[in-house]
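The values are calculated or read from the model by the stated rules, or taken from the named source; none is laboratory data. Remember, predicted model here, so these are calculated numbers, not experimental data. Reconstructed Cβ throughout: ideal geometry from the backbone, glycine too, with neighbour counts over all protein chains shown. All accessible areas refer to the heavy atoms of the entire protein, side chains included, with ligands and DNA or RNA removed. Shrake-Rupley method; radii C 1.70, N 1.55, O 1.52, S 1.80 Å.
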Amino acid sequence: MAALSSMLKQAGNAKSPSRAHVKELKAKGNEFFRLLLRNGGICEFGKKAQVLDAPTYDRFHNRNVLPLQLGMEEKGVFFKFFFSRNFGIAADIFHRASIRGCPILFCSNTEVFPLGRGDKYPVPRGARGMHTLLKGTSYERICIFADRTASRLGEGLSLKAPQPKSGISTLEDASDYLCRSAYASAKSQGKDRLLDAALLEVLFHETGHTLLGGKEGVSGETSELFAYAFSLPNAIETRICLSMICAVYARGRRPSEHFYGSNDFLGKLSSSLGMGWANTQEQAASLIRCASVPAGEIRAAASGVLGSLCACLGVSLENMHEQVVEPARRIIYG
C-alpha cells in the first residue's frame, strides 16, 4: 500500500462522489433542520443556535439521519450535519482503515454547506479530523480530512523564518514564533514526508478520543486534553505538532472544548518542562522557550502528562504500542 500522501494525490484525479451528492445532502439537511425547528429541537437560526432537547434530537438523528449516513458511506461519501451550528460537512472517502475496531475514513474534497437560512460556512481552519460517537448506536467513526491537513501544512511551509524573539509580547505572536521555528527546521524534509507525519499526528489525536469514548462522565474538555496528550508523545514532528496545539489555544474561541483542552494540556506540559503558565506573560514566554527545547525533552514531558492522565481517568497504556501506535503508522506509511 502506498503512503497516504501519495493516495491523496491520486484521489485528486478521481471523480468526486460527494460533489455529485452535495445537492441531495443539502436538501435533506434542510428538511431535517425544518423538522427539528418545528418540534423545538433547536433554536431559531442565529449565532447561538443550540440543541434544546438532546434525547429527542438523538432519537431523531438516529432514526432519520444515520441510515442516510451509512448509505452515503457505501457510495464513498462521508457527511455530518451539525444542526446546532447550522451547517453540514461532506467529503470523498479515498481510503478506509480501522484501529481497535473503530473505522477510519480518509477524505478529500471536503466541503461545508449551510442548513436553514445560513450563509456559506467556511471550513474551520483547525478541522483536520473528527471523531464521531452516536449515542444509543454502534456508530463510531474517525474521519481524517486529508485535504485540510495538506492545506494547513502548505500554510506552515509558506511561512518565513521567525523574527528575533525580542519583539514578541503577545500570546498570538509567541505561538506564531513557535510555529515558524517548527516549520523552518523541518522544511528540508520535503512536503510529502511532512504531510504523512501530519496525517499521523491527526490520526493519533482522534484515536485518543476513542480511548475515552466509552467512559461515563468525561467532559469534552477532558477528552480534548487527553487527545492532545496522546498525540504529542507519539508524533514524529514533535515541534510542528506542539505548534498546532499552541495555535488552538492562542487563537481559539471561548468557550470551546478545544480551547480549554489545549489550555489544560499546555499548562501541564509547561509545568513538566519547568516553565510557568499562570498568566499571559508566562504563557508567551513558555511558547518561545519551547522553540529551542530539544524534541526528546518535549516528548518525555508529554509522556509524563499522558501517564498522569491515564492514572486519573483509569486508562491503561498496556499494549498501546502494539494496538494503536504501530497500526497507525502502518496505515499512514503503508
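Relative to the compact-globule estimate of 2.2 N^0.38 Å, the Cα radius of gyration of the chain comes out at 1.00.
Once the chain from Lys80 to Gln281 is taken as fully extended at 0.36 nm per residue, the excess over their C-alpha distance is 68.4 nm. Each of Gly307, Gln69, Ala247 was scored by the projection of its Cα onto the charge dipole of the chain, and the greatest displacement toward the positive side belongs to Gln69; charges sit on the C-beta of Lys, Arg, Asp and Glu. The helix-based estimate of mean residue ellipticity at 222 nm for the chain, built from -39,500 (n - 2.57) per DSSP H run of four or more residues and divided by its residue count, is -17000 deg cm²/dmol to the nearest 500. Compactness of segment 152-218 is given as radius of gyration and Dmax, 16.1, 47 Å, from Cα positions.
Give the shape of segment 139-279 as rounded, prolate or oblate, defined through the alpha-carbon gyration tensor: a ≥ b ≥ c are the square roots of its eigenvalues, a/c under 1.5 means rounded, and otherwise the shape is prolate if a/b is larger than b/c and oblate if not. Oblate is the answer for segment 139-279, as a/c is 1.5 or above yet b/c matches or exceeds a/b.
Note on segment 107-238: dipole from Cβ charges, positive end direction compared against Thr149, Gly190, Tyr177; the farthest Cα belongs to Gly190. Accessible surface computed residue by residue for segment 236-298, with neighbouring protein chains in place and a 1.4 Å probe, gives 44 Å² per residue. Each label point was placed 7 Å from the Cα along the Cα-to-Cβ direction; for Ala127 and Leu159 their separation is 2.3 nm. Derived scalar couplings between HN and Hα for segment 60-70 equal 4, 5, 5, 7, 10, 8, 4, x, 5, 4, 5 Hz in order, rounded to whole Hz, by the Karplus curve 6.51 cos²θ - 1.76 cosθ + 1.60 (θ = phi - 60°), x for Gly and Pro. For segment 195-251, which whole-number percentage of the solvent-accessible area (1.4 Å probe, protein heavy atoms only) is attributable to carbon and sulfur atoms? The value for segment 195-251 is 42 percent carbon and sulfur by accessible area.
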